[in-house]
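See below for the structure under consideration.
Where a number appears in this text, it was derived from the coordinates with a stated rule and is not lab data. Small disclaimer: the values here were computed from a predicted structure and weren't measured. Counting neighbours? That spans all protein chains shown, and the Cβs are built from the backbone with ideal geometry, glycine included.
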Amino acid sequence: MFSVYVTGTDTGIGKTLASCTLLHALRAHGLRAAGMKPVASGCERIDGEWRNADALALQAAGEPGIAYADINPFALEHPLAPELAARDAGIDVALPPILDAHARLAARADALIVEGVGGWAAPLSASLMQADLVRALRLPVLLVVGLRLGCLNHALLSARAIAADGAHLAGWIASHVDPAMARVDDNIAMLRARMPAPCWGVLPHAPGADPAAIARHLRIPMLAE
Ligand SMILES: Nc1ncnc2c1ncn2[C@@H]1O[C@H](COP(=O)(O)OP(=O)(O)O)[C@@H](O)[C@H]1O
Ligand SMILES: [Mg+2]
């Protein structure tokens with residue numbers, strides 16, 4: 001079973017798009033692949049249950065028939081830092097429900113894509129960092145780099161922090177989120193030269209793109225072996 005934790009250089013830079021695209025690439029390869037968003041803040045009530053757009057997108061892109069509660073064990077209403085959203089909801093975000101849900105998904109899938117919150121140093125709760133979850137599940141980390149001015153700094157700092165927290169950076173994906181960014185190819189070349197892990201692909205600027213249609217831009221090293 002292959003499971004990877006997807007973090008990013010920031011919030012709103014393409015983690016969900018990259019995660020859904022990875023799910024399509026894995027499933028096109030014949031693998032049973034499922035997504036997970038352990039902690040999500042910003043939910044709406046659908047048929048009496050809290051539902052988050054990222055988790056729904058991962059559910060739609062992944063293996064059919066997987067229970068929402070396993071994909072997103074912590075669905076917090078307010079679109080805030082999870083610590084604040086959990087406090088507002090009177091919920092204690094803790095590891096055991098996440099580890100249990102991950103184990104249930106692992107029993108049904110060959111590959112899991114676990115999307116984090118915000119960037120790497122965004123806390124999951126007052127006492128839980130994303131690094132704690134990654135260490136508990138022993139997951140390699142994939143960094144999504146949102147291509148915009150400043151992304152070299154964010155990408156290299158994130159790579160350093162991931163290593164300093166004792167996690168393994170398995171690769172990175174660039175997402176061309178900002179169409180106004182100048183010298184995109186030069187920036188990607190600078191990232192390739194400096195990042196301590198391989199690039200799994202560059203997602204082109206494609207507003208509203210269907211993740212299935214851009215899956216060919218990814219090359220997942222585990223599939224090439
Ligand atoms: N390569 C891209 N091309 C066009 N729009 C993108 C791209 N990557 C991300 N976006 C857009 O940016 C927004 C944030 O992306 P998302 O994947 O939700 O980021 P995150 O999960 O990091 O918060 C979404 O509206 C998404 O469609
Ligand atoms: Mg997201």
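Observations, loosely collected:
- Residue list for the stretch 1-22, restricted to those being more than 8 Å from ligand 1 (Cβ to nearest atom), closer than 16 Å to G171 by Cα and among the aliphatic types (A, V, I, L, M): V4, V6, L22
- Meets criteria (assigned to a loop (DSSP other than H, G, I, E, B) and either within 16 Å of ligand 2 (Cβ to nearest atom) or touching a Phe, Trp or Tyr at 6+ places or on another chain (Cβ under 7 Å) (or both)) for L139: yes
- Within the set V134, V145, V117, the sole residue that is touching a Phe, Trp or Tyr at 6+ places or on another chain (Cβ under 6 Å), within 16 Å of ligand 2 (Cβ to nearest atom) and either aliphatic (A, V, I, L, M) or in contact (Cβ under 8 Å) with a residue 24 or more places away in the chain (or both) turns out to be V145.
- All conditions but one from (1) more than 29 Å from A224 (Cβ to Cβ); (2) touching a residue at least 60 places away in the same chain (Cβ under 8 Å) apply to A81; the one that does not is (2).
- Taking every residue in the stretch 84-100 that is in contact (Cβ under 8 Å) with a residue 24 or more places away in the chain and pairing it with any residue that is in a loop (DSSP other than H, G, I, E, B) and of a type in the set (A, V, I, L, M, F, W, C), at least 6 positions away or on another chain, the pairs with Cβ-Cβ distances below 8 Å are A86/V93; V93/L124.
- I214 passes every criterion in (1) surrounded by 14 or more Cβ atoms within 10 Å (Cβ to Cβ); (2) more than 11 Å from ligand 1 (Cβ to nearest atom) apart from (2).
- Residue within the stretch 101-120 that is among the basic types (K, R) and either within 15 Å of ligand 1 (Cβ to nearest atom) or in contact with a helix residue (DSSP H, G or I) (Cβ under 9 Å, 6 or more places away or on another chain) (or both) present: yes
- Scanning the stretch 136-159 for residues that are exposed (fewer than 14 other Cβ atoms within 10 Å of the Cβ) and under 18 Å from the mean Cα position of the chain (by Cα) returns a single hit, R138.
- For the stretch 10-82, the strands (runs of 3 or more DSSP E) that sit wholly inside it and include 1 or more residues that are within 13 Å of ligand 2 (Cβ to nearest atom) and of a type in the set (S, T, N, Q) are 39-41, 49-52.
- Candidates in the stretch 11-58 are the residues that are among the polar types (S, T, N, Q) and closer than 20 Å to V134 by Cα; of these, the one that is farthest from the chain's Cα centre (by Cα) is S41.
- When G65 is tested against (1) within 11 Å of ligand 1 (Cβ to nearest atom); (2) over 27 Å from D88 (Cβ atoms), just one condition goes unmet, and that condition is (1).
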